[in-house]
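Okay, structure first, notes after.
Only the coordinates and a few stated rules stand behind these numbers; no lab work does. Treat the numbers as computed from the prediction; the structure is a model and nothing was measured. Note that each Cβ is placed from the backbone with ideal geometry, even for glycine, and that neighbours are counted across all protein chains shown.
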Amino acid sequence: DTPGHAAFTAMRARGADVTDIVILIVAADDSVMPQTIEAISHSRNAGVPMIVAINKCDLPAADPMRVKQELLQHSVNIEDFGGDVLAQEISAKEGSGIEDLLDKVLLQAEMLELTANPEREAQGTVIEAQLDPGKGPVATVLVQKGTLRVGDSFVCGLFDGRVRSMLDERGHAVEEASPAIPVQVLGAGGVPQAGDTFQAMSADQASEIASTRQRLDREKQLRVRERGLKLGDFGKLVKAGQLSELPIVIKGDVDGSVQALSDSLEQLGTSEVAVNIVHRGVGAINESDVLLAQTAGAVILGFRVRPQTAARQAAERDDVEINVYDVIYEAVDEITAALEGMLAPDKKETVEGTAEVREVFKVSKVGTIAGCYVSEGRIDRKGHGRLIRDGIVVYDGEISSLKRFKDDAKEVREGFECGIGIANFNDIKVGDIIEAYSVEEVARTLASST
């Protein structure tokens, strides 16, 4: 089950590839949707049998028979019509039909004679990966063969590591995971990509394989950088009528989102212009990303992540554009507009200052006030503020109060301490960064956006 938007195609394809049985959920009142048809084709391409679960059967508008007939048009022949595909009417809200659905899953599994050897070294696939502020790199792994135990060494994508701890789907610590069990694995040397193979092995082997893969990846990046120096001015190439690329560096909060965004952008483009994803990764935008973007003549897109202070300063110095988005569609629309040269006036964001939270005070009837030290620029009482925790935006809103000692202040400049309150938000922690910014509308051109 993924968001229905076409941007999540890769996520659905990955899901079909790693599973043994697909449960296709179709709403009884909604019938067959485009993403349902896509899920059917993924299931077929992966050679995985499916069981149809017709949900929302408790609603007055539910029509399970219509759903079955529509599925027939897409060559999904339900058992009721003499086919071989099992189907079950369910209501997730009321819980009806769930037991029968599970029985059908077990029946299908028995017919397929699904087996795996739990006695060998663990092997699996990364479903999702992210950089957690407290835990470090966290990979959600589906174990497919063998048994994974705490303390095992492994290689996963470009990184090796040792299983520090494992968490189940409810966040409880587990000591081992056998085949078909999904776990969150802590202890990887970096954030792998969704879809990477996870393999347990001796520490020496894992380290050797990881260093070889990283070396090959570095060589690939260097080749990209060398080519990037020759890309030339994007605007001039477009005017000259030659095929041109818009180079882009993508950073996001989790790898699934990064993949969804890059897949969406790669599908854009015309006979004249195309998108080239120079690099993609997980975590805050850092100086290395800015350096790569500068040499490749690329634009940096951040999806739910912020640039680090050093990266922002480097970007301003090297004239590298950084755009940050919270919604995939917005990024796709902007890049489409850039490629078409139809850029609407843009809201230009100017970072006025940053403050470091050193103390947190709970004030009755007011909420949480952050005792801050202004480390850069100034904090304006009428400005907007965003709370950043380990490079990731936790909240974006208005600054509700600004005080110096007990007096209200219009602004507080660099080097001074102050109390900051953020409207409708109280989850402030020591070590967080509050970034104050202002927004103004400016006209854009294709040249300025690329």
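You can think of it this way: the chain between ARG358 and GLN205 has 50.7 nm of extra reach, that is 0.36 nm per residue less the Cα-Cα gap.
The Cβ shell under 12 Å around ILE37 holds other residues with a net charge of 0, Lys and Arg each +1, Asp and Glu each -1. Helix 34-45 versus the longest principal axis of the chain: what angle, 0 to 90°, nearest 10, using Cα atoms? On a 0 to 90 degree scale, this one is about 60.
Taking the Cα centre of region 123-209 as reference, the dipole from Cβ charges on Lys and Arg (+1) and Asp and Glu (-1) amounts to some 100 debye. Note on the chain: with charges restricted to the Cβ of Lys and Arg (+1) and Asp and Glu (-1), its dipole about the Cα centre is near 1460 debye.
Taking a straight Cα-Cα cut-off under 19 Å and skipping sequence neighbours fewer than 8 places away in the same chain, the lysines within cross-link reach of LYS68 are LYS56, LYS104. Straightening the chain between GLU417 and ARG304 buys 37.8 nm, computed as 0.36 nm per residue apart minus the Cα-Cα spacing. Given R₀ = 56 Å, what would the calculated FRET efficiency be for ASN117 paired with ASP396, taking r from the Cβ atoms and rounding to 0.05? Computed FRET efficiency for ASN117 and ASP396: 0.70. Here region 6-112 is assigned +1 on the Cβ of each Lys and Arg and -1 on the Cβ of each Asp and Glu. Its dipole about the Cα centre then comes out at about 420 debye. Springs between Cα atoms under 10 Å define the GNM used for the chain, and in it the highest mean-square fluctuation of PRO192, PRO60, PRO137 occurs at PRO60. Sequence-distant contacts, meaning Cα pairs under 8 Å at least 6 residues apart, place the relative contact order of the chain at 10 percent. The long axis of helix 328-340 is offset from the longest Cα principal axis of the chain by roughly 70 degrees.
Fully extending the segment from THR350 to ARG170, taken as 0.36 nm per residue of separation minus the present Cα-Cα distance, adds 60.7 nm.
Count Lys and Arg as plus one, Asp and Glu as minus one, and take only other residues whose Cβ is under 12 Å from that of ALA206; the net charge is then -3. Calculated [222 nm] ellipticity per residue, helices only, for the chain: -9000 deg cm²/dmol; basis is -39500 (n - 2.57) per DSSP H run with n ≥ 4, divided by all residues, nearest 500. When every Cα-Cα distance of region 6-112 is counted in 10 angstrom steps from zero, the calculated P(r) takes the values 15, 47, 35, 3 percent. With all projection directions averaged, the alpha carbon convex hull of region 243-342 covers 5.7 nm². Relative to the longest principal axis of the Cα atoms of the chain, helix 287-296 runs at roughly 90 degrees.
For the chain, leaving out every one of the GluC sites (Glu not before Pro) that falls in a DSSP loop and has at most 16 other Cβ atoms within 10 Å, the longest unbroken run is 176-271.
Dipole orientation for the chain: of the candidates ASN276, VAL48, SER96, ASN276 has the Cα lying most toward the positive pole (charges on Cβ; Lys, Arg +1; Asp, Glu -1). The candidate values are [x] 1.02; [y] 0.96; [z] 1.15; the one derived from this structure for Rg/Rh (Cα atoms, Kirkwood Rh) carries the label [x].
Ordering LEU402, PHE425, THR336 by the projection of their Cα atoms onto the charge dipole of the chain, which places +1 on the Cβ of Lys and Arg and -1 on the Cβ of Asp and Glu, puts LEU402 at the extreme positive end.
Only bridges with both residues in the chain count here: give the DSSP antiparallel percent, nearest 5. That works out to approximately 70 percent antiparallel. Restriction of the chymotrypsin sites (Phe, Trp or Tyr not before Pro) in region 349-450 to DSSP coil positions whose beta-carbon has at most 12 other beta-carbons within 10 angstrom yields PHE405.
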